[in-house]
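First comes the structure, then the notes that go with it.
The values are calculated or read from the model by the stated rules, or taken from the named source; none is laboratory data. The structure displayed is predicted, hence computed values, not measured ones. Reconstructed Cβ throughout: ideal geometry from the backbone, glycine too, with neighbour counts over all protein chains shown.
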Amino acid sequence: MEGRIIGVKRAAASAPKSPVKPAARLAPHPSAAAVRHLAVDDEDAGQRLDNFLLRQLKGVPKTHVYRVIRSGEVRVNGGRAGADTRVQPGDSVRVPPMRLGDAQRTVAAPAREFPLLLEDDHLLAVDKPAGVAVHGGSGVAFGVIEQLRQARPAARFLELVHRLDRETSGVLLLAKKRSALTALQAQFRARGTTKTYQALVRGHWPLRLKLIDLPLHKGLDSAGERHVRVVTDDHAEARRSITRVRAMQVCADFSLLELALETGRTHQIRVHLAHHGHPIAGDPRYGDFELNRALARGDLLRGMRFGRMFLHARELAFDHPSDGRRVTLQAPLPADCATLLSRLCP
């Protein structure tokens, strides 16, 4: 079936004593009451470890799953593995004992559809709004994938092909078949896709700076939150990261940039731009917090409030997994971002 492009719409102290109610006991989850060793078969091949476990451990909160992965209690073939590790046929995944009480059971995701950019028998592409996570976990009960599965109960298969930060809007690609998922993820790993973003940054971007090639290291900050930084020494765990930059518009004290990713590291664009002294407007982690507050209060633009990060996944190009034809998807700049630009550059 050919893909069809679809337009985007937009007890009081004096009270008598009563028997003390015992604290709720945590009952073992029926599928995870002791150490388990899960075998990966051909159907699960190529899945991320976190997705594999979430499917195997139905009812276990996503936050628990991510916590045991981060702590190293989950092992693949006897070794530690990250959430993004790809499991392969024959792998043995060790899962530690997991317990949960009734109050901790997963909150059902509400059914929700998102603006469609393309849908056919193999693929589904949506325009993800800012502020919506792509999946649950790490303090988020649910995201795009869980809401779409609720909205499409008849769907036999639906998986994320890639990810976007919660604060980032734009093109998000999902697979409706296992074969499409593995083919597309292979393209992403081989850099066979083209990903283009738009970002509004503080200050005037130097026009001569068109390529950022700086290694990034992913770790945890003092609060235990994921944090990415540029490293200039020979850090063993740093990964080469390349971002191409083109200044599209410069006005007031801001620059609108077009960014093409040659690598897809966590928070790559955000960290690369902030490292060069031009943080993304509204970035809650790597940004200029005084500027963010001023934008959110409406102090800069005659009362207009802007309370999100201005980073938008504008375009994604890839080879269709069914016939190899090149597909280019575009998501228009969200209305709040477009309005902000028009106010800055009248």
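Checked against (1) closer than 30 Å to LEU184 by Cβ; (2) hydrophobic (A, V, I, L, M, F, W, C); (3) buried (at least 20 other Cβ atoms within 10 Å of the Cβ), PHE306 passes all but a single condition, namely (1). The residues of region 312-346 that are in contact with a helix residue (DSSP H, G or I) (Cβ under 9 Å, 6 or more places away or on another chain) and within 15 Å of VAL201 (Cα to Cα), listed by number, are HIS312, LEU340. Looking only at region 267-293, which residues are in a loop (DSSP other than H, G, I, E, B) and over 16 Å from the mean Cα position of the chain (by Cα)? Result: HIS276, GLY277, HIS278, PRO279, ALA281, GLY282, TYR286, GLY287, ASP288. From the residues in region 212-266 that are in a loop (DSSP other than H, G, I, E, B) and of a type in the set (Lys, Arg), which one is nearest to LEU341 (Cα to Cα)? My answer is ARG265.
ALA130 satisfies every condition listed in (1) modelled with pLDDT of 95 or more; (2) under 20 Å from LEU49 (Cα atoms) except (2).
ARG202 meets all of the listed conditions (1) in contact with a His (Cβ under 8 Å, 6 or more places away or on another chain); (2) under 30 Å from GLN47 (Cβ atoms); (3) charged (D, E, K, R) but one, namely (2).
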